[in-house]
Amino acid sequence: MSCLRYRWRGRGAGLSAQPWKFLLLNMVTAVGRSVPRRDGASKVTGEARYTDDLVVAGAWYGKTIRSTIPRGTIRSITLDPAYDWGGSRVVLVTADDIPGDNVVDLIRDDQPVLARQGGEIRHKEEPILLLAAADRSTLEEAAEHIRIEYVPAEPVFDPAQASEVYTTIEIRKGDDVEAVEGVEVVVERSFTVGLQEQLYIEPQGAIASPTPDGGITVIGSLQCPYYVHRALKRALKLTDQQAVVVQAETGGGFGGKEEYPSMVAIHAALLARKAGRPVRLIYDRHEDLAATTKRHPGVITHRTGVKKDGTLLFQNIDILLDGGGYCTLTPVVLSRAAIHASGPYSCPNVRVRARAVATNTPPNGAFRGFGAPQSLFAAELMVEHVAERLGISSVDLRRKWMLRLGDTTATGQKLTESVSSDLVLDAALKAVPPVPPVSPSRPSVRRGRGLSLVFHGSGFTGSGEKKLSGTVAMEALADGTFQILTASTEIGQGTKTIFCQLAADALGVPMGRVTVAPQDTSLVPDSGPTVASRTAMIVGRLVQEAATEITERLKREKAPLRVEKSYIQPDSLHWDETTYRGDAYPIYAWACTIADVDVDVTTGAVRVTDLVTAVDCGKALHPVLAEGQVEGGCLQAVGWATIEEIKMKDGGYQNDRLATYLIPTALDAPNIRTILVENPYSRGPFGAKGIGELPMDGPAPAIIAAIHDATGVWLDEIPATPEKVIAALARKPA
Amino acid sequence: MVQFTLNGRRVSFEGSGSRRLLDVLREDFRATGTKEGCGEGECGACSVLIDGDVVDSCLVAVGQVEGRDVLTIEGLSSPLQQAFIEHGAAQCGICTPGMLLAAHVLLQRTTRPSADDVREALAGNLCRCTGYTKIIEAVLSCGT
């Protein structure tokens, strides 16, 4: 294993006084060992069944008919009267077929399940009609006999010009930033970040089947079974029991299967209900790229006031995110963006004004990092610009500014434990060799190195966990095995394996005696969505607590036994939603990333050659899985920073095919080296903190700093495409 | 009728020879380990081996495999599979079958590949989970 591991000996983390006991414990425990993943064998043999792999007898195929204009109203929907629309051939669903509310339940009730005749269209690819047929050719044929006419309206594509605001957030710390005294240098700069597609390799899909009790069972590719359950109940007017949601093996999510699967599931369910038979609604890649959510693009502007010696006096930050046509999760994305906007730095006076607006593009939504990569990109480059202006090293400036134990964040949160800014910075710096020279045979290549330091709040923001109160259950069965029941999904990150490790150690049994119940809402309690770097840390802790309680009860009682554990907010955490003051997150994870790039100054091509990232995960429950999260997240960030560009045309995505939307291949990927630093968190399971999203934050600013190091030009916008690099080089004074 | 060898077994397919090999494998032979990720030969999730070469089965009409030897993940038995588990090379697993088949061909042709050889051989198979690091490690561990 290429990973170096640092163990930080904080409070109570020292070696046991009895080394033999320590060794013995280590030998029998699962936590901290890279045990084979639970779903490994089925995935390497092709036996794992993803949604589209499932055989459902008598199922028809479904299709979604979508808007072709970005804004307007539907004047008419006309079915060709000469075509055979008989229900034995084809089933058509319109907004009038929705038994419940015509709303995809989430934060705001603005997004319809289907736009209705006379109704508003707010973006291209907005669902209007649904079709089902026994075979795909009938489906395509029927679709060609439908005519939808619109009354177009003037679309809004520029967020700066948008009049409809989804949400605003203001964070204030200290004094009025523009009235701070003693400021000697002010640096101002704006940064622009682009759309990004999650690009899970398995497209969205769901199969819905009517059940004898008038309900619907949906099996699909999804991250959050209970989000889908709630949305299904509401749109189809079903009871808790009538709506059943089951997760199939899921081929990647990255946030892209947080909210959108509710839409797919409702559509499949409406078709199944009307057809009276199962319906498969599986998107192809083109539809998935064209219609589903993307990372929010945005513009972030900083004004930073310092003394000449680098002392940070104020940060004044404006954030503008483009939410697209419907609200989806935009307010929560904006919240995370705003809270992370000042970076991992201690500043006495901060003002963050954040705004997310509506435009007429397809809605933007959840994507790993959830607003933080956008605002941290700006924060990290701002450190570079201030350092450059002051003529000091940006690493030294970070050391001067960075949050340390006892410091307070922009929301006034006092950091009382597991603060690792210096640990990750030192570990990353120590790990990199000097930048090797470029070969003389490549005269147009310039080589450079850049660094970033980031933090990422683990778990839901503010009172999110308290409101949700996620629940897990555990059963001790008569045969001596134990079953973990949660709605937390395995989407590749290793949920099933880690939960078994945590339970096995808390129970004091081998992992082979622990199983995980299927993610089926008729079987498992709502442990919350699989998002926000919360699964290992928040739900994992509940699994550990349930196992501990079962162990205690088994001393007095006999199996079978069932225990439930729900999240209880620690008394020490306080958050005020109205003022944005308080403990924004239970804990933060930290990372320092160093990127090496080669820039070809004749073509503008940027190649990230090496990436070293030191990550404080509290405790690596499973080092190989933890490294996997870091490496995968880093490469997604490399893509976002360099090649993943979505070109817009008339409110739609021009490159909505995999042939034109490029993600990094094995040839594009840098050598990624992960250093896991373990600075334990007292309330995490065995000290662990959530790190699923953190690796998305650091690479982009490090890469832009490296491009500057290589070429002397600063890019203020990502992705750093050859066009942008060439343009920046052309502007550079000779 | 199209006759070919599928995972070492002679099979025949009665139907249109223009159907995509991917669909015939998945729907008619239930070899669902072969995945559709893009349908246009970009992602490699539908990779199969035809006479030992890696091919995107979404771009092949079933009629083209008449008399040929088709290997899917269901027919693979390689130390690579265990190595993928041990090294953490499979996360969500959707690219894994295609990735394994492409790596298998590399190891058949190059007993001791370099990391660059591995990158080159797997460049037609997209993975969004791993950053490729652990996949490359797993393949290198199987070089003799």
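The values are calculated or read from the model by the stated rules, or taken from the named source; none is laboratory data. These numbers were taken from a predicted model, which means no experiment stands behind them. Virtual Cβ from ideal backbone geometry, glycine too; neighbours counted across all protein chains shown. Remember, those area values only see protein heavy atoms, side chains included, never the ligands or the DNA or RNA. Shrake-Rupley method; radii C 1.70, N 1.55, O 1.52, S 1.80 Å.
Below is a table of values for the structure above.
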item	result
Yes/no for A:PHE191 being of a type in the set (Phe, Trp, Tyr), out of contact with any Asp or Glu (no Cβ under 6 Å at 6 or more places or on another chain) and either assigned to a strand (DSSP E or B) or farther than 18 Å from A:VAL306 by Cβ (or both)	no
Some residue of the stretch A:295-302 being open to solvent by less than 10 Å² (accessible area, probe 1.4 Å), over 29 Å from the mean Cα position of the chain (by Cα) and more than 14 Å from every other protein chain (Cβ to nearest Cβ)	no
Answer from A:ALA379, A:ALA358, A:ALA372 - the residue that is touching a Cys at 6+ places or on another chain (Cβ under 9 Å), open to solvent by less than 20 Å² (accessible area, probe 1.4 Å) and of a type outside the set (Phe, Trp, Tyr)	A:ALA358
Residue ID - farthest from A:GLN483 (Cα to Cα), chosen from residues in the stretch A:519-532 that are surrounded by 18 or more Cβ atoms within 10 Å (Cβ to Cβ) and hydroxyl-bearing (Ser, Thr, Tyr)	A:THR530
Qualifying positions in the stretch B:93-109 - more than 11 Å from chain A (Cβ to nearest Cβ) and free of Cβ contacts under 8 Å to residues at least 24 places away in the same chain	B:ARG109
Test: residue in the stretch A:10-20 that is part of a loop (DSSP other than H, G, I, E, B), at pLDDT below 95, outside the structural domain of A:LEU139 (by TED's automatic domain parsing) and farther than 30 Å from A:THR416 by Cβ	yes
The stretch A:634-649 residues that are more than 14 Å from chain B (Cβ to nearest Cβ), paired with ones that are surrounded by fewer than 24 Cβ atoms within 10 Å (Cβ to Cβ) and of a type in the set (Phe, Trp, Tyr) (beta carbon under 6 Å, 6 or more apart)	A:ILE646/A:TYR653
Candidates A:VAL543, A:VAL516, A:VAL601 - the one that is open to solvent by less than 10 Å² (accessible area, probe 1.4 Å) and touching a Lys or Arg at 6+ places or on another chain (Cβ under 9 Å)	A:VAL543
Sole residue being in contact with a helix residue (DSSP H, G or I) (Cβ under 7 Å, 6 or more places away or on another chain) and either open to solvent by 30 Å² or more (accessible area, probe 1.4 Å) or assigned to a loop (DSSP other than H, G, I, E, B) (or both), chosen from A:ARG116, A:ARG108, A:ARG147	A:ARG116
Selection status of A:THR330, under 30 Å from A:GLY652 (Cβ atoms), in contact with a His (Cβ under 9 Å, 6 or more places away or on another chain) and open to solvent by 10 Å² or more (accessible area, probe 1.4 Å)	no
Test: residue in the stretch A:691-701 that is more than 10 Å from chain B (Cβ to nearest Cβ) and among the charged types (D, E, K, R)	yes
Lone qualifier among A:VAL677, A:VAL608, A:VAL612, A:VAL630 - being open to solvent by 10 Å² or more (accessible area, probe 1.4 Å), in contact (Cβ under 8 Å) with a residue 12 or more places away in the chain and over 30 Å from A:ASN360 (Cα atoms)	A:VAL612
Residues of the stretch B:126-144 satisfying the condition of being outside any helix (DSSP H, G or I) and facing chain A (nearest Cβ under 8 Å)	B:LEU126, B:CYS127, B:ARG128, B:CYS129, B:THR130, B:GLY131, B:TYR132
Whichever residue in the stretch A:688-734 is charged (D, E, K, R) and under 22 Å from the mean Cα position of the chain (by Cα) and, among such residues, is surrounded by the fewest Cβ atoms within 10 Å (Cβ to Cβ)	A:GLU717
Filtered residues of the stretch A:262-278 (kept if in contact with a Ser or Thr (Cβ under 8 Å, 6 or more places away or on another chain) and open to solvent by less than 10 Å² (accessible area, probe 1.4 Å))	A:HIS267, A:ALA272
Leading residue by the ranking (most open to solvent (accessible area, probe 1.4 Å)) among those in the stretch A:487-503 that are touching a strand residue (DSSP E or B) at 6+ places or on another chain (Cβ under 6 Å) and farther than 16 Å from A:LEU561 by Cα	A:LYS496
Those residues of the stretch A:549-570 which are in a helix (DSSP H, G or I) and among the hydroxyl-bearing types (Ser, Thr, Tyr), in sequence order	A:THR551
Pairs where the first residue, in the stretch A:488-516, is away from chain B (no Cβ under 14 Å) and the second is hydroxyl-bearing (Ser, Thr, Tyr) and part of a helix (DSSP H, G or I), C-beta under 7 Å, 6+ apart	A:SER488/A:THR495; A:SER488/A:THR535; A:ALA506/A:THR548; A:ALA506/A:THR551; A:LEU507/A:THR551; A:GLY508/A:THR551
Residue count, the stretch B:23-53 (criterion: part of a helix (DSSP H, G or I) and within 11 Å of chain A (Cβ to nearest Cβ))	4
Flag if A:ALA584 is open to solvent by less than 10 Å² (accessible area, probe 1.4 Å), farther than 30 Å from A:VAL438 by Cβ, touching a helix residue (DSSP H, G or I) at 6+ places or on another chain (Cβ under 8 Å) and of a type outside the set (Lys, Arg)	yes
Odd one out for A:ILE65 among (1) more than 14 Å from chain B (Cβ to nearest Cβ); (2) surrounded by fewer than 19 Cβ atoms within 10 Å (Cβ to Cβ); (3) among the aliphatic types (A, V, I, L, M)	(2)
Candidate set: the stretch B:61-87, residues that are among the charged types (D, E, K, R) and at the interface with chain A (Cβ under 9 Å from one of its Cβ atoms); chosen: the one most open to solvent (accessible area, probe 1.4 Å)	B:GLU86
Filter pass, A:THR250 being of a type outside the set (A, V, I, L, M, F, W, C) and closer than 19 Å to A:PRO203 by Cα	yes
Selected residue [open to solvent by 20 Å² or more (accessible area, probe 1.4 Å), at the interface with chain A (Cβ under 9 Å from one of its Cβ atoms) and not charged (D, E, K, R)] from B:ALA123, B:ALA90	B:ALA123
Residues that are more than 13 Å from the chain's Cα centre (by Cα) and open to solvent by less than 30 Å² (accessible area, probe 1.4 Å), drawn from the stretch B:48-60	B:VAL60
Number of the condition not met by A:ASP668 [criteria: (1) outside any loop (DSSP other than H, G, I, E, B); (2) within 14 Å of chain B (Cβ to nearest Cβ)]	(1)
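One line per residue, one yes/no per condition, for (1) under 30 Å from A:ILE300 (Cβ atoms); (2) surrounded by fewer than 16 Cβ atoms within 10 Å (Cβ to Cβ); (3) within 14 Å of chain B (Cβ to nearest Cβ):
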| residue | (1), (2), (3) |
| --- | --- |
| A:ILE171 | yes, no, no |
| A:PHE191 | yes, no, no |
| A:THR217 | no, no, no |
| A:THR239 | no, yes, no |
